[in-house]
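The values are calculated or read from the model by the stated rules, or taken from the named source; none is laboratory data. If you're wondering where the values come from, they're calculated on a predicted model, not measured in any experiment. Here the Cβ positions follow ideal geometry from the backbone for every residue, glycine too, while neighbour counts run over all protein chains shown.
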Amino acid sequence: MVLQPVVVFPDTVTPFPESVNASICCGAPLHPNDLKIMRTRILLSLSLFCSLAASAQVVTNTPFYDDSTAPRTKNLPEITIVGRGSKSDYQALPEIVGTSIYAGKKSSLIVLDNVQGNVVTNTMRQVLAKVPGIHVWESDPSGIQIGISARGLSPNRSWEFNTRQNGYDIAADPFGYPEAYYNPQLQAVQRIEIIRGQGSLQYGPQFGGMVNYILRNGSEITKPFEFETQQTVGSNGLFNSYNAIGGNTEKVHYYAFFDHRNGDGWRQNSRYNSNSGFATITYKFNPKASLTAELMRYHMRSQQPGGLTDSLFKIDAQQSLRSRNWFDITWTTPALIFNYNFNATTRWNTKLFATIGDRNSVGFFPAAGIIVPDTINAATREYNNRVINLDQYRNYGLESRFITDYRLAGLNHTFSGGIRAYTGTTHRVADGKGSTGTGYDVNVIGRYPRDVEFVSHNLAAFVENIFRINDRLSVIPGIRYEWLEGAASGRNSINAQGQDVILQNVSRSRGFVLAGVGAEYDVTKGTELYANWSQAYRPIQFANLQAPPTTDIVDPNLADARGYNLDLGYRGKVGNYLQWDVSAYRLQYNNRVGTITPVAGGPRLITNVGASTSKGIESYIEFNPVRAFSQSRYADLILFGSYGYTDARYSGNHKDATTKDKRVENAPRNIFRGGITAGYKGFLLTGQVSHVSDAYSDANNTVLPTANANNGLIPAYTITDLTATYKFNSNLNLKAGINNLFDERYFTRRAGGYPGPGSLPADGRTFFVGVGAKF
C-alpha cells in the first residue's frame, strides 16, 4: 500500500468519531407488523454480522512506527491528528481509520488547522480548494448554508452527499429529505473527510459520496484544563467569537465550545446571527473501553434578500427586493458513542444518535416571482400577508461497526462489517397565512392549507474486506443490504368550500443489495494505482410522494434512482515535497425521478423519466520547491492546483423528449482552483484563484434568461482570494484575509422558489481579521 503522510499519536485519549451513521426510531408509532419485520431484519443482520466476525482469526499487526514521513502501518487507532507540526492541509485518507475501510476509494482529508482560507465564514471554495471537481453554491450570507456537489450533481444544500458530523447524519432526513440545513461552523471543525461515490457501501444513500465534519474535541490536550479563544471581525459588521475549554485526566476527557457569529451581509436585507454550543465528555473504563456523550445545539436566523432579475443584477448586485423574508433553523444532535479495542487491530464502535431539527421560513412569495414588488397595498395601506412554512424533523438511530485483521494463506487481511437501524419523522405545515409585518413572525392566521407527515424507516447491514493478494496488490470487495420504507399522509390543501383535500396515501417499501469492489496496486513505495466500482442509490424523496390528487398522479411503479460510480486513478507522494492524485470517473444515474404529461391536458405523472451519465477527470498536484531543493528550516513555498472536468448529459432514451442528450443542469464542465503559499518562520501568505465555467440552470438548457430569472445560463466566473497568518508561537496567532480581491460580480445559482426566486448574487469583496490564543 502507498504510505500516506499521516502523523499518528496513539497515546492521545478520547476515541475520535469515525464516519458512521446511526439512527433509531421515534416520532410516529410503528404498526406492530412493522415492528415485527424490523426486529426480524435486525436479528438476521446481527446474526450475519456476528458469525462473519467470529469466523475471523484475530491477529496483531506490527507496532506503529512513529515517523510522519513513512509510517509502517496504516491501521490507525481511533485518534488521528494529521499535520500537527506541518503545514499540510490535504491528503488522501489512509486505508483504515477507526472501523472504516478507505482502501481503493477516491478520498480526501482536509485538516482545518492548516487550511489557509476563510473558515470563519465557511468559504468552501477556499477550504476545499484542493479537492478537485467540487462545485460550490455561494448564495447565503456568511456561509450559513453550505451547498456542495461533484460529478454533475446538484449542490442544493449538499443533498447528493451523505452529510455527517462526527460520523452520524445531520441532514433533515437522509432518505426522504436529505437537505443539510445545518452545517457546523468550520472554526469548530478539526478535519473534513470526503469520500467520492464509493461511500455507498459503508454509508448508504448517496451518489456524490460522503462528507463528514469531525468536530474539535480537544484530543491533543494533555493537561486538566485549557482555554482557547478566537475573535474575528470583518466587512459588513462581521463579528465571530469562538471560545472553548477542554481537559484530560486519567479517566475523563472533556471539551466544550460556544461559537457566536453575526453580521449585516454584503447585500441589502441579509442580516444574520448564529449561535452554536457543543460539549463532549469521555469516560475511560480501562485502556480498552470508553464511552463518549456529546451534544450539539445550533440556532440560526437570517434575513433572506431574495433573487434578482439579470437586468437588476447588472445594475446593482447588492440591492434587494425583499425585506420581510426570514429563515430560522434550530438543530440539536445528541449522541452516545461506545468504543472497545480488543487489541491493536480489532475494534468495535457503536453509536446512538438523534437529529432534532426545526426549519421555519416566512416571506412574500407571489406566484409570478421576484418581478412582483413587495410594497404597501394601496387598498389596505399595509403590506400583503406573508406565507409561513414550518418543518419539524425527529430522527433517531443506531449504527454498530466492527473491524479486525485475520490471517489467510500466509497474509494479513482486514474484515469490516456493520449494522444500522433508523427511523425519521418529518412534520410539515405549509402555505400558512402570516402577518403583514416586517420582522420574524411565524404566527399563522387560520389553518395551514398543507399539513403533512412523512415517515421513513431503514435497516441495513454491510461487510467489506481487504484481501491482500501479495505485498503490492489488494482487492476490496463489499456488499450492503438495504431495507427502507417511506410514506406520506395528511392534508394537501383546503378547497374553496373549506374542505380538506387529503393527500394520496402513498407508501413505498423495498429491500435490495448494493455491491462494489475496489483495488490498489503499489507501483512504488509511495505511489499506487487504484480502481473502484460501486453501486449507489437515491431513495424516492418526500416531495415525490406529495402529489396533489387533483393535478398529479404518483406512478405505482415509482422506483429509487439507481446507478454506480466507477473510478480509475493514480496517486502518490515523493518525499515531503510532491503529491498528486489524478483519476478518471464515470457516474451512471438511472431511474431519475421527474414529471411528464402522458396525455395532453391530462394529469401530470410523477415517474422515473430516464438516466444521466457523468464522465470526467479529477486531478490534483502539490509541489514544494523549497523542500525539494533545499533544507531550509524557515522558508516554505507550496504550489498547488486542482482541476475537475465534467461532461454530464441526459441519456437519449429520456422520457422527457425536451431534455434528451442535453447537459445536466448545475454541472459546469470545468472547475479549476490553484494557488501559492509562501512562508517564512511563523508567517504564511496564500493567494488562490478559483475558476468555474458556465452552466445551465435547467434541464432544457435555456441560454437567454427568462423575465423572472428562474432559468437561463449561469455565467462563468473567476475569483481571487488572499489569506495571511502569523503565528507568534504555538499559543498565539493572527489571521487576516480578503475574499474576492477584485470585487467580481457573479452568481452561482438561479432559484425557482425559496430563497429566491431569481439569480442569487454571491458576495463581492470582503475582508476579515482575527486573533487566536490558548491558555
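Some points to look at:
- For region 460-496, the set of residues classified as of a type in the set (Phe, Trp, Tyr) and under 22 Å from residue 540 (Cβ atoms) consists of 462, 481, 483, listed by residue number.
- Taking the numbered list (1) touching a Phe, Trp or Tyr at 6+ places or on another chain (Cβ under 7 Å); (2) of a type in the set (Phe, Trp, Tyr); (3) surrounded by 20 or more Cβ atoms within 10 Å (Cβ to Cβ) in turn, residue 533 passes all entries but (3).
- Hits in region 278-288 (condition: assigned to a strand (DSSP E or B) and loosely packed, with under 15 Cβ neighbours inside 10 Å): 283
- Restricting attention to region 262-277, the residues that are polar (S, T, N, Q), buried (at least 19 other Cβ atoms within 10 Å of the Cβ) and not in a loop (DSSP other than H, G, I, E, B) add up to 2.
- Among the residues of region 125-146, those identified as in contact (Cβ under 8 Å) with a residue 60 or more places away in the chain and not aliphatic (A, V, I, L, M) are 125, 126, 130, 132, 133, 135, 137, 138, 139, 140, 141, 142.
- Residues being touching an Asp or Glu at 6+ places or on another chain (Cβ under 9 Å) and modelled with pLDDT of 95 or more - total across region 134-146: 0
- Taking region 466-487 as the range and being more than 26 Å from the chain's Cα centre (by Cα) and part of a strand (DSSP E or B) as the test, the residues that pass are 466, 467, 468, 473, 474, 475.
- Sub-8 Å Cβ pairs linking a first residue in region 491-519 that is without any contact (Cβ under 8 Å) to a residue 12 or more places away in the chain to a second residue that is surrounded by 13 or more Cβ atoms within 10 Å (Cβ to Cβ) and of a type in the set (A, V, I, L, M), at least 6 apart or interchain, are 495/501; 500/494, ordered by first then second residue.
- Filter result (closer than 30 Å to residue 734 by Cα, buried (at least 17 other Cβ atoms within 10 Å of the Cβ) and over 22 Å from the mean Cα position of the chain (by Cα)) within region 688-714: 688
- Restricting region 681-697 to residues that are in a loop (DSSP other than H, G, I, E, B) and at pLDDT 95 or above leaves a set whose member that is farthest from residue 740 (Cα to Cα) is 694.
- Residue among 313, 338 that alone is of a type outside the set (S, T, N, Q) and assigned to a strand (DSSP E or B): 338
- For region 405-458, filtering for residues that are hydrophobic (A, V, I, L, M, F, W, C) and either within 30 Å of residue 270 (Cα to Cα) or outside any strand (DSSP E or B) (or both) leaves 6.
- Residue 59 vs. criteria in a loop (DSSP other than H, G, I, E, B), out of contact with any His (no Cβ under 9 Å at 6 or more places or on another chain), modelled with pLDDT under 90 and surrounded by fewer than 20 Cβ atoms within 10 Å (Cβ to Cβ): yes
- Looking across region 372-403 at every residue that is hydrophobic (A, V, I, L, M, F, W, C) and over 38 Å from the mean Cα position of the chain (by Cα), the one that is nearest to residue 482 (Cα to Cα) is identified as 376.
- Checked against (1) within 30 Å of residue 671 (Cα to Cα); (2) in contact with an Asp or Glu (Cβ under 7 Å, 6 or more places away or on another chain), residue 618 passes all but a single condition, namely (2).
- Residues within region 706-734 that are at negative phi and touching a residue at least 60 places away in the same chain (Cβ under 8 Å), tallied: 7
- Residue match in region 132-140 (condition: more than 27 Å from residue 307 (Cβ to Cβ) and either among the aliphatic types (A, V, I, L, M) or surrounded by fewer than 24 Cβ atoms within 10 Å (Cβ to Cβ) (or both)): no
- Within region 642-683, being touching a Leu at 6+ places or on another chain (Cβ under 9 Å) and over 22 Å from residue 155 (Cα atoms) holds for 675, 676, 677, 678, 679.
- On the stretch given as region 624-642, residues that are surrounded by fewer than 19 Cβ atoms within 10 Å (Cβ to Cβ), within 28 Å of the chain's Cα centre (by Cα) and in contact (Cβ under 8 Å) with a residue 40 or more places away in the chain total 0.
- Looking only at region 485-506, residues that are surrounded by fewer than 15 Cβ atoms within 10 Å (Cβ to Cβ) and touching a helix residue (DSSP H, G or I) at 6+ places or on another chain (Cβ under 9 Å) come to 0 in all.
- Answer residue from region 754-769, given it is more than 18 Å from residue 720 (Cβ to Cβ) and part of a strand (DSSP E or B) and is nearest to the chain's Cα centre (by Cα) among those: 760
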